[in-house]
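Quick note: the coordinates plus some simple rules give every number you see, no bench work behind them. Computed from a prediction, not measured in an experiment: that's the story for all the values here. Backbone-built Cβ (ideal geometry, glycine too); neighbour counts: all protein chains shown.
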Amino acid sequence: MRGWIGFHQVSFHYPDSPRACLRDLEFTVRPGELVIVTGASGAGKSTLAKLLSRFYDPSAGAITLDGVPLDGLPLRFLREQIALLPQQTLILNGTVRENIACGRPGATDTEIERAARDAAAHDFITVLPEGYDTPIAPGTAALSGGQLQRIAIARAMLRSAPVLVLDEPTAGLDAIAARQVVRPLRRLMSGRTTIMITHDLSLAPAADRILVIDGGRLAETGTHEELLARDGAYARLALPPALRWSSSGRTRSSPASAPAPPRRRSAAPSARSTAPD
Ligand SMILES: Nc1ncnc2c1ncn2[C@@H]1O[C@H](COP(=O)(O)OP(=O)(O)OP(=O)(O)O)[C@@H](O)[C@H]1O
Ligand SMILES: [Mg+2]
């Protein structure tokens, strides 16, 4: 599959809840795009990821992959197309090697090690008491949150699915650990249709589109610049209050936080380039 995702008037309520959790969601993600989904806690962001992997089906509307309704695809095939990094990293009882290999059963040791290197996990794995054969278990304290996240990234690398869904990939990590997962994450995202659910908007300037979910509805959609200019829900999430309330608005185009990463798919020309136009 190429990884073209469509949400068509999708509404959803959990089986045991009368309240609609998602309402009339309508958007598409084209192959290779990065779409960031943000919004308040409880807005329905993780639910959207669960529908995409068919842990639940929409109550109304349809979700398509390359134009095919998800319920028209064999479940196993569908899940091979989607690498999901859930909000809580799933660790299985087994060795580090087995925990990476479950991304693609049958993977060779060489493939596992390559995935671990790409995920910046190889170096800390090799200093564990038994290296790749070190046993780990759910709730393990032997590895830090950032290390567990890099195991999860290695697992997703190995899966090599065209669609990647990241649910809060840096939540719960301190600033140093979060920085350590950014480069492996970017490597993982490269060339894949990526839906990244996050409150951390440091990658937002690099996104092709941002969806702001509020109370289960799509409140706003556009690029980082477009949504800042709108000065609505996204601007309230993205900008510190001091900038938001500045009367001139001139400060708005350059948030005070870290410098914006280059747009993902452009060959960002250097400002110092001496090449003639
Ligand atoms: N299994 C479930 N059964 C019933 N209601 C649920 C279930 N899971 C989530 N909900 C409810 O659905 C709503 C959306 O939850 P969801 O986990 O999608 O929010 P979220 O946007 O991911 O929030 P957060 O930013 O805190 O992760 C919430 O009101 C939540 O209580
Ligand atoms: Mg969530």
Helix by helix through the chain, keep the DSSP H runs that span 15 Å or more along the axis on Cα and average at least -1.0 on Kyte-Doolittle, and give those back in order.
-> 145-159, 175-189
In nm, the gap between the two label points placed 7 Å beyond Cα toward Cβ at residue 2 and residue 26 is 2.3 nm
Using mean Cβ contacts within 10 Å as the protection proxy, how do 145-155, 195-205, 104-114 order, highest first?
-> 145-155, 195-205, 104-114
Note to self: Kirkwood Rh of the chain, Cα pairs, one decimal, Å, is 20.0 Å
In nm, give the distance between the simple-model label positions of residue 59 and residue 144, each being 7 Å from the Cα along the Cα-to-Cβ direction.
-> 4.3 nm
Let me know the charge dipole size of the chain about its Cα centre in debye, to the nearest 20, where only the beta-carbon of Lys, Arg (+1) and Asp, Glu (-1) is charged.
-> 540 debye
Rounded to the nearest 0.05, what FRET efficiency do residue 171 and residue 130 have when you use their Cβ-Cβ distance and R0 = 35 Å?
-> 0.75
Return the percentage of antiparallel bridges among DSSP beta bridges fully within the chain, rounded to the nearest 5 %.
-> 55 percent
What FRET efficiency comes out for the pair residue 11/residue 41, r = Cβ-Cβ distance, R0 = 25 Å, nearest 0.05?
-> 0.75
Please turn the phi angles of the stretch 211-227 into ³J(HN,Hα) values with the Karplus equation 6.51 cos²θ - 1.76 cosθ + 1.60 (θ = phi - 60°), one per residue in order, whole Hz, x for glycine and proline.
-> 10, 9, 9, 9, x, x, 10, 7, 7, 8, 8, x, 7, 3, 5, 4, 6
Mind checking the full-extension length gain between residue 225 and residue 19? Use 0.36 nm per residue of separation minus the Cα-Cα distance, one decimal, nm.
-> 70.8 nm
Counting only residues 5 or more places away or on other chains, whose amide H sits under 5 Å from the amide H of residue 14 once H atoms are built in the peptide plane?
-> 21
Report the extension gain between residue 76 and residue 187 in nm, rounded to one decimal, defined as 0.36 nm multiplied by the number of residues separating them, less their alpha carbon distance.
-> 37.4 nm
Amide H contacts of residue 85 (H built 1.01 Å from N, under 5 Å, at least 5 apart or other chain) | 165, 166, 167
Taking amide H positions as placed 1.01 Å from N in the peptide plane, with prolines and chain starts having none, which residues 5 or more places from residue 194, or on another chain, fall under 5 Å of its amide H?
-> 32, 33, 34, 35, 164
